[in-house]
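Notes to accompany the following structure.
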Amino acid sequence: MSKYVIIGGSAGGIGAIEAIREVDPIGTLTLISEEKVPQYSRPMISEYVSKEATLDMMKYRDDQFWKNNNVNVLNGRIATKIDFTKKFVKLENGDKISYEKLLIATGGKPFVPRMEGEKKDGFFTFTELSSAEALEAKVTQSKRALVIGGGLIGVSASEALVKRGIKVTLVELKENILSLILDKTASEIAETVLKKSGVTIITGQTVQQIQGKQDDPSTVGRVVMTDGTEIPCDLVVVAIGVIPRTELVKDTSLKLNRGIIVDKLMRTNIPDVYACGDVAEAHDFLINENRLLPLWPLAYNGGRVAGYNM
Ligand SMILES: Cc1cc2nc3c(=O)[nH]c(=O)nc-3n(C[C@H](O)[C@H](O)[C@H](O)COP(=O)(O)OP(=O)(O)OC[C@H]3O[C@@H](n4cnc5c(N)ncnc54)[C@H](O)[C@@H]3O)c2cc1C
């Protein structure tokens, strides 16, 4: 039995741990994390690919963080089920961890639209360290990349690859890149900067098919755009965005919309169960509604709010 159990040790999980320890220095606290080193800055995976940062430089909290905060860390472990009645979390090896208070901070997973050819070697997503490591390993053997998605993740991936000498084409379905966070004028400024650094930007279109190389059909060789244009490339990076990782609570009584619905104290509809970060739909006081807003500071601060209230 652990007084507090947290699933996910990134921005949200860390925010919660720090807040809990401010008000309860001794309550037992267990962290379940699928990733072996969860405490890295996710936005910095582009610096990892561009070789401007090592994993050590990306660490948001140092390796002593868990020990200093008296956290029982279960790294490399996956929560597979939550029993909200008996109040335990089941792990992939069958172990059960009982809790008094539970925080779900499982973040998001990359959204990959259906497209022909997505299983080919050279196809990547770009949301976590392991995907950045896999992409980085291919960079030296590649000349051209096509990045799908002109949001923060796609722009980060393009920037990283162009810095490694790759010829990058960035494809965005909307008329402007970064359209969720910038108006047209600001977006055009960002486009000018990217183009100056060597990125080709195509807007108002997307990829309909990924084709293999002529001599090796299982490896990415070109994409076919919606208007039929073919663009040769060795790498395809899908960076369209993230969807909340709610698989753990599907078909349970936990209230879900696209993400887990939480109130202003980050409580879910189930007593003693909280959620925060990219997996949660929290209250946005600007629009007076709950919504998904997958941003690092919101995940961290949401974790803090949850931690104080747990
Ligand atoms: C390339 C990139 C660039 C970005 N740029 C910016 C930016 O410029 N500004 C900004 O504000 N935000 C940015 N973001 C978004 C930001 O990184 C996220 O909003 C933030 O990481 C969310 O934190 P989180 O704790 O909710 O979830 P995550 O960081 O997604 O972490 C969730 C953790 O939970 C683990 N987990 C999930 N399910 C389980 C399970 N069943 N069992 C055990 N562990 C599990 C995951 O493995 C992961 O370690 C960017 C993201 C990316 C990928």
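The values are calculated or read from the model by the stated rules, or taken from the named source; none is laboratory data. Given the structure is predicted, the values throughout are model-derived calculations rather than measurements. When we count neighbours, we look across all protein chains shown, and the Cβ atoms used for this are built from the backbone with ideal geometry, even at glycine. Accessible surface is based on the protein model in full, side chains and every heavy atom, while ligands, DNA and RNA are left aside. Shrake-Rupley method; radii C 1.70, N 1.55, O 1.52, S 1.80 Å.
Determine whether residue 68 is more than 30 Å from residue 164 (Cα to Cα) and surrounded by 13 or more Cβ atoms within 10 Å (Cβ to Cβ).
Values: more than 30 Å from residue 164 (Cα to Cα): yes; surrounded by 13 or more Cβ atoms within 10 Å (Cβ to Cβ): no.
So residue 68 fails the test.
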* Of (1) open to solvent by 40 Å² or more (accessible area, probe 1.4 Å); (2) away from the ligand (no atom under 11 Å from the Cβ); (3) touching a strand residue (DSSP E or B) at 6+ places or on another chain (Cβ under 7 Å); (4) not basic (Lys, Arg), residue 78 satisfies all except one. Which? -> (2)
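Out of the residues in the stretch 118-132 that are in a loop (DSSP other than H, G, I, E, B) and closer than 21 Å to residue 224 by Cβ, state the one that is modelled with the highest pLDDT.
This residue is 122.
Can you go through 88, 65 and tell me which one is among the aromatic types (Phe, Trp, Tyr), more than 24 Å from the chain's Cα centre (by Cα) and more than 10 Å from the ligand (Cβ to nearest atom)? It would help to see each step written out before you state the result.
Values: 65 fails: more than 24 Å from the chain's Cα centre (by Cα).
Testing whether each residue is among the aromatic types (Phe, Trp, Tyr), more than 24 Å from the chain's Cα centre (by Cα) and more than 10 Å from the ligand (Cβ to nearest atom) leaves just 88.
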* Asked: Which one is least open to solvent (accessible area, probe 1.4 Å), of the residues in the stretch 285-303 that are under 18 Å from residue 107 (Cα atoms) and more than 12 Å from the ligand (Cβ to nearest atom)?
  -> 290
* **Pairs with Cβ under 6 Å, 6+ apart, first in the stretch 158-182 and farther than 11 Å from residue 198 by Cα, second open to solvent by 70 Å² or more (accessible area, probe 1.4 Å) and outside any loop (DSSP other than H, G, I, E, B)** => 176/184
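With more than 10 Å from the ligand (Cβ to nearest atom) and closer than 24 Å to residue 267 by Cβ as the only criterion, which of 1, 57 stands out?
On the way: 57 fails: closer than 24 Å to residue 267 by Cβ.
On inspection, the qualifying residue turns out to be 1.
Return the residues of the stretch 15-40 that are under 15 Å from the mean Cα position of the chain (by Cα), open to solvent by less than 20 Å² (accessible area, probe 1.4 Å) and either near the ligand (Cβ under 8 Å from one of its atoms) or on the phi > 0 side of the Ramachandran plot (or both); say none if nothing qualifies. Explain how you work it out, then say what you get.
At the first step, the residues of the stretch 15-40 found to be under 15 Å from the mean Cα position of the chain (by Cα) are 33-35, 37-40.
Of the ones still in play, those that are also open to solvent by less than 20 Å² (accessible area, probe 1.4 Å) are 33, 38-40.
Passing the criteria: 33, 38.
Among the residues of the stretch 95-132, write down those that are within 16 Å of the ligand (Cβ to nearest atom) and of a type in the set (S, T, N, Q).
Step one: filter the stretch 95-132 for residues within 16 Å of the ligand (Cβ to nearest atom), giving 95-97, 99, 102-112, 124-132.
Answer for the stretch 95-132, where residues must be within 16 Å of the ligand (Cβ to nearest atom) and of a type in the set (S, T, N, Q): 106, 125, 127, 130, 131.
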* Members of the stretch 212-263 found to be in contact with a helix residue (DSSP H, G or I) (Cβ under 8 Å, 6 or more places away or on another chain), within 15 Å of the ligand (Cβ to nearest atom) and within 26 Å of residue 139 (Cα to Cα), listed by number -> 237, 239, 240, 241, 242
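Among the residues of the stretch 91-134, write down those that are of a type in the set (Phe, Trp, Tyr) and either under 21 Å from the mean Cα position of the chain (by Cα) or not assigned by TED's automatic domain parsing to the domain that holds residue 18 (or both). It would help to see each step written out before you state the result.
Step one: filter the stretch 91-134 for residues of a type in the set (Phe, Trp, Tyr), giving 99, 111, 123-124, 126.
Answer for the stretch 91-134, where residues must be of a type in the set (Phe, Trp, Tyr) and either under 21 Å from the mean Cα position of the chain (by Cα) or not assigned by TED's automatic domain parsing to the domain that holds residue 18 (or both): 111, 123, 124, 126.
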* Asked: When the residues of the stretch 264-284 are filtered to those that are acidic (Asp, Glu) and open to solvent by 40 Å² or more (accessible area, probe 1.4 Å), which remaining residue is farthest from the ligand (Cβ to nearest atom)?
  -> 272
